[in-house]
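As structure tokens, the structure follows; a few thoughts come after it.
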Amino acid sequence: MVLETYLYVGLGLFTLLMLVLGYLGWKRTENIADFAIASEQLGPYMLGAAFAATFFSASTFVGYVGWAYDFGYSFLWLYLSLVSASPIALIVFAKRVRRTNVHMGSVSLPDWIGEFYDSNLLRVGIALAMFFNLFYIAGQLTAGAQIFQVLLGWEYINGLLVITALVTTYVMIGGTYADIYTDAIQAVLMAIMGLVVFVSFLWVFDWGVVEAFGQMSAELAEEDPNLVSILNPESIVFYSGFAILSIFILEFAFSAQPQLFNKVLALDDPANLRKMIATYVVLTVSFLSVTFAGFYLRIIDPTLDLADQAIFIYTMEFFPAIVAAFLGIVILSAAVSTTDGIYVVLATAISNDIFRKFLVEEGYVEMDDDRADVVSRYFAQASVLVVSVISFLIVLNPPQYIAELVWIGISGVAAATVAPVMIGIYFPNFVTRKGAIAALVTGVVGYIGVSLFLDIPSVFVEGTIGLILATIVMLLVCALTEQEANVGVASDQHKMSVSRENDSDVSPTIDD
Amino acid sequence: MATTMLVIWLVGTVLSLATIYALLRVWYAPEAEEEEPRRETIE
């Protein structure tokens, strides 16, 4: 009863805060550049926090705790990949991408790739590949629904309806300004929760600080030696050396995901990237601390049917009601902070990447700029609704592992996009448009083929195979073809000369 | 040993953070170069 009261109050405040910030974001949003990348006006600490909050979704707090619960210490390979591969990938690509975009002025990943390779086929193809993220969104919605189900005793379907309606409304109003404002706040909440859960062993168990890890290991080993082993052959993702390697590869690729990519584009000054990245890394360690709840609960109660419920059960048992309610709000924040970023990506893909930059600018749809602005904004908002409906339907029945569902989405996007981006920014003299197109097709078809026709337990392995195939094909095709005009380095120089000649771009305006 | 993976995790995390720190210091050191005029920053 007390928990329910706190939760309803907390949910009410959270909803109010989101709607207020959504409104403020809406007031600042005048055009598609505002909607997609807040017109490059945001500072490094806020963006670093937003990056971290977008990166770590409900999948971390719900799904990864579930994996830690079910699979034990071998889960820590995922932790390691998140503090090494992902930040290093961001360091590797962020500076170059941000600098190229100073002249290119792209507002999204498909737009950036389209500009870099001077290809509408790539722009549209990559924009369509963004729709793998439907699975990612679905994973967040189901995590949100489980909050209502487990903490408040609601029917799952009602929780799913409420979370879907809440996030949809919020995104339709505010776009990226709203996304980043709320992300920064949510990052602080997530960090606090992660650290509090990590140290909770001090009162949940009778262990001292010094012997805690030894005690934890002994108790887990007694239940099942696989829970403390370096590899767990009974897990779906940590069962072999190559499966572990795949995790590192995909976590490296993950930093180039479009909803994170546009945070890099949104930074006001490329010189601030260091502060932004440092902020994100510090927050990463804080967030990930929450996953130890999976180990703790496994010792206490190894009988859960749905491992994803571990974090809820743990906090309800061992924290005061107000803290358990706080956790519910934090998980909701984590789901929202990622989901709204992905919604913006998908809405931008349709309204800017496909509609404005391709259909209108190439003359397939005849429309003046003013009308195109208005129509593209309607497309953006309508796409949010359509995406919500499809994602809702995907998780009408809750999945066994939220984290697995999320990674289906991430893997598809990574297989399509990582090779053209990473190879392009580091070898701009070498890449060709044909190579990038070949990578896109190979990555998508390869990933789908592997997922459907090969019996591979790990979604990371499936994604890695798609990514490796795309990379090999791109390298081969680039080696065999000549670089086209306006691609890569030529593209940069062309864009620089155009931007020097022109006055500042007249951004399309979208009036209320 | 039951704690081997924990040791790997701890050492790996420390090494990773140290590597990231070093990379940021080297690759992202402030440089004197021309950039676009800095726009109004919102923190």
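FYI, it's all coordinate maths here, none of it is from the lab. Quick caveat, the model's predicted, so the values are computed rather than measured. As a convention, Cβ positions derive from the backbone with ideal geometry for all residues, glycine included, and neighbour counts pool all protein chains shown.
Couple of notes before you dig in:
- Less than 5 angstrom separates the built amide H of A:Val431 from none of the residues sequence-distant by 5 or more or on a different chain.
- Helix A:273-288 vs. chain A, principal-axis angle (Cα, 0 to 90°, nearest 10): 30
- 3J(HN,Hα) along the range A:301-311, derived from phi through the Karplus expression 6.51 cos²θ - 1.76 cosθ + 1.60 where θ = phi - 60°, amounts to 9, x, 9, 5, 6, 9, 4, 4, 8, 4, 5 Hz, with x in place of Gly and Pro.
- Helical mean residue ellipticity (222 nm; -39500 (n - 2.57) per DSSP H run of 4+; nearest 500) of chain A: -24500 deg cm²/dmol
- Between the range A:237-262 and the range A:63-104, the Cα center-to-center distance that results, in Å: 7
- Angle between chain A longest axis and helix A:212-223 axis [Cα atoms, degrees, rounded to 10]: 80
- Neighbour cut-off at most 13 other Cβ (10 Å), DSSP loop, chymotrypsin sites (Phe, Trp or Tyr not before Pro), the range A:358-467: A:Tyr364
- Neighbour count of at most 15 Cβ within 10 Å plus DSSP loop: longest GluC sites (Glu not before Pro)-free window in chain A: A:1-154
- Here the Karplus curve 6.51 cos²θ - 1.76 cosθ + 1.60, taken at θ = phi - 60°, turns the phi angles of the range A:449-465 into couplings of x, 4, 5, 7, 10, 10, 8, 10, x, 9, 5, 5, 5, 4, x, 5, 4 Hz, with x standing for Gly and Pro.
- Between helix A:2-28 and chain A there is an angle of about 10 degrees, using the helix long axis and the longest principal axis of the Cα atoms.
- For the pair A:Phe453 and A:Val209, the difference between a 0.36 nm per residue extended length and the Cα-Cα distance amounts to 83.0 nm.
- For the range A:371-381, 3J(HN,Hα) per residue [Karplus equation, 6.51 cos²θ - 1.76 cosθ + 1.60, θ = phi - 60°, Hz, x = Gly/Pro]: 5, 4, 4, 5, 5, 5, 5, 4, 4, 4, 6
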